[in-house]
Every structure is written in structure tokens, then in C-alpha cells.
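Student: This is the structure I want to talk about, given as C-alpha cells.
The values are calculated or read from the model by the stated rules, or taken from the named source; none is laboratory data. Everything quoted here is computed from the prediction, not taken from an experiment. Cβ coordinates were reconstructed from backbone atoms using ideal geometry, including for glycine residues, and neighbour counts include every protein chain displayed. The area values use the complete protein model at the heavy-atom level, side chains included, leaving out ligands, DNA and RNA. Shrake-Rupley method; radii C 1.70, N 1.55, O 1.52, S 1.80 Å.
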Amino acid sequence: MLQFICFESNHIKQHVFFRMQDLQDLDNETCWLVKELKSYIAQEADFLPRETGLNIMESAAENHNGVSAKCRNAKVEDLWSLASFFGFSTQTFVLAVNLLDRFLAIMKVQPKHVPCIGVSCLHIAAKMVEDECNISPTHELIRISQSKFTVSDLSRMEKIISEKLNLELKAITALTFLHLYHAVIVSLTSERGEIPSIERLEAQLKACLCQLIFSKAKPSVLALSVITQEFDALQSLAMLEIVQELQRHLKIVDSELLYWRGLVAKCMTEYSSSECSKPDNKKLVWIVSRRTAQNLHANHFSVPELPTIPEGSWDESESEDSCEDMSCEEDSLCGSPGSDAEGAFFPSEFCNQGRK
């Protein structure tokens, strides 16, 4: 198996090996968790974005009529800010990103429509995850997002997204595996002090999802890469050993885990840098001042509706130049850059650790 560091605790190794060797050797809770992991691994490929579409976005230039990786990444940062502003859970944000990537990977989309698509994905995810009383009115979501489309535009876009994804809006994501891995690790060790909080791990996963490249990773592998990177940084021998047993039990190959763990480590280093622009809900707070809110409220109702959106989809035999024009008369931004403030998005101790 993958060797990160030399293990010295034979007692822990034998204990973990015994517990993970066969399902019948596990307690009921851990046995159920491992079975859930295996079940989700068998289904995770069904919820991956089409790689052909992701490659097109990666190769698209910023001034091209298609959606570039930079445009997509900026929109994901915006969704992170919006999710935080409205108090949505990490699950809502991660599901919204999954819906966005799956839709962009199969549809010919122009940057001008990305704001509407992004907010639609977030609204769909919120309706699926959040309590109804916690979901803000649609017009508030549009207004706070500073977008140039109407409630009817949002409704039409949500319908298109639902149809194109065949109503398979629920998804198995890296967050699904992150929570299961964390629960298994907690159940297999008494060294709770060495286990990072699930909130810390979630924050690291959200930082990764702001980069398009991670949409190509299998959710099970990406989640395990985040956990492995964290335990390796903490030099936690016992925790790394449990991770290795999980890897063996779930048949995740060394080369795949090493590749994505390397990219996660690079992402964490970049994200902890003071030069990195990070999503921040504070950039949205200014909108709710009385004068600005009144102006935005008036402008909102004067914005023309988006034209009917051509529903052409990507064909692997087509080039990106053949996409239909989905632009409207008025330009709209594909996304605004995140602010330099760290806000509540990333644990301050992680950022400080990265600067050492």
C-alpha cells in the first residue's frame, strides 16, 4: 500500500488491521459505514461531469464565446460567497457546484448565461437540502447575487437544468465520502485529539472545488486525498494507518491517490498564500444598505428578460467553435473575483500554518 511515512506503532497497526480485515469483525456502526462507502463508490461515476466538456472549458480562452475555466472558477467562488451569505450548508454549496459542472459539461453555454445558471444551481440545491424556512425568496437571491436576470428567467433555467440532468439532481459528491471517512476514522480510534474537525476538512474541500481540475477526480478519491493530506501535514501515524486500511479496503490504487493528493497539497499551499483571492460574503454586505438596496430594487424590475436559450448540447465530434450564440443584448459578468479577506471561509489556523 501507499507509504507516506514509516509506521512505528505495531499495536495500532495490528488493531486496525483486525478491525478492517473483514466486515464481520467490525462493530455494527462501522460495518454500516463501510458498506455505505462501498455502495456509494459503485454509484459515484454516475454523477461525474462529462470529461469531454470539462476539457473544452479548460482549453477555452477567456475571450472565447464559450465558458472558460477561469469563468467557471469565478462563478463557483461567487456561489461560495452566496451560500455563506444566506447561511446555506456546505452540502448545498457542494451540490450546487456538482450541478453546475455537470450542466456546463454537456451544454453549449456562453459566459453571459453563467450567472443565471450558477444561481439556478444554488437555488435547486438549497431547495433539496435546506429547510424551507431557511430559503430566501427568489428575488432576494437574484438581487444579492448582483445578477441581470429575472425570477422568470431563473425558473426557466431551473427547468432546463432539471431536464438536461434527467432529474438526477441529487448527487454522490466528495462531501458524501468526506463525512463517511471521518465517521469511520472516529469509530476506529480513541485518539480523538488527532482527528481534525469535519468543518476544517469541509473548508479544504470547498477550496479545491473552486478549481475546475478537481471536477475530474472521483469523489471517493478526492475526499480521501483531502484527509490524507491533512493527516500527513499533522504527521499523525495512527490516523495515516487507518487511512491506508480504508484505501486497501475500498481498492483505491496508490497512483490515483498520490496524484490527487499532490494536487490537493498544491491547492492548500496556494490557498493559504496572502496573494490568493478568497471568496468572502463581506463583499455582498454592502448591497443591503438602504440607498443601494433601493436602487438595486428599482433596477431589478427594469432589467429585460433573457431571450429564449438555445438548448444545444456538446457533441464529442464537434469543436467548441460550433456552439450556438446564447448571448443577450446586455453584457453580464461571468463572475466577480473573490476578495482578499479570509472571512469565515477558511480556518485561520490553516492559513497561518501554510505561511510557516
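Student: Looking at the stretch 187-222, which of its residues are touching a residue at least 40 places away in the same chain (Cβ under 8 Å), open to solvent by less than 50 Å² (accessible area, probe 1.4 Å) and not hydrophobic (A, V, I, L, M, F, W, C)?
Tutor: Ser187, Thr189, Arg200, Glu202, Gln204, Lys206, Ser215, Pro219, Ser220
Student: Let me ask another. Return the residues of the stretch 132-163 that are touching a residue at least 24 places away in the same chain (Cβ under 8 Å), in a helix (DSSP H, G or I) and of a type in the set (Val, Ile, Thr); say none if nothing qualifies.
Tutor: Across the stretch 132-163, the qualifying residues are Ile142, Ile144, Ile160, Ile161.
Student: May I pose another question? Restricting the first residue to the stretch 82-96 and requiring it to be open to solvent by 10 Å² or more (accessible area, probe 1.4 Å), which pairs with a second residue that is outside any helix (DSSP H, G or I) and of a type in the set (Gly, Ala, Ser) meet a Cβ separation below 8 Å and a spacing of at least six or different chains?
Tutor: Final answer for the pair search is Ser84/Gly343; Ser84/Ala344; Phe86/Ser136; Leu95/Ala171.
Student: Could you figure out which of (1) out of contact with any Ser or Thr (no Cβ under 7 Å at 6 or more places or on another chain); (2) closer than 17 Å to Gln211 by Cβ isn't true of Leu99?
Tutor: (2)
To keep it simple, each residue is scored yes or no on (1) open to solvent by 40 Å² or more (accessible area, probe 1.4 Å); (2) out of contact with any Asp or Glu (no Cβ under 9 Å at 6 or more places or on another chain).
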{"residue": "Leu99", "(1), (2)": "no, yes"}
{"residue": "Cys116", "(1), (2)": "no, no"}
{"residue": "Ser120", "(1), (2)": "no, no"}
{"residue": "Ile161", "(1), (2)": "no, yes"}
{"residue": "Lys164", "(1), (2)": "yes, no"}
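Student: Oh, and also: Every residue in the stretch 19-32 that is touching a Phe, Trp or Tyr at 6+ places or on another chain (Cβ under 9 Å) and at pLDDT 70 or above, please.
Tutor: Matches in the stretch 19-32: none.
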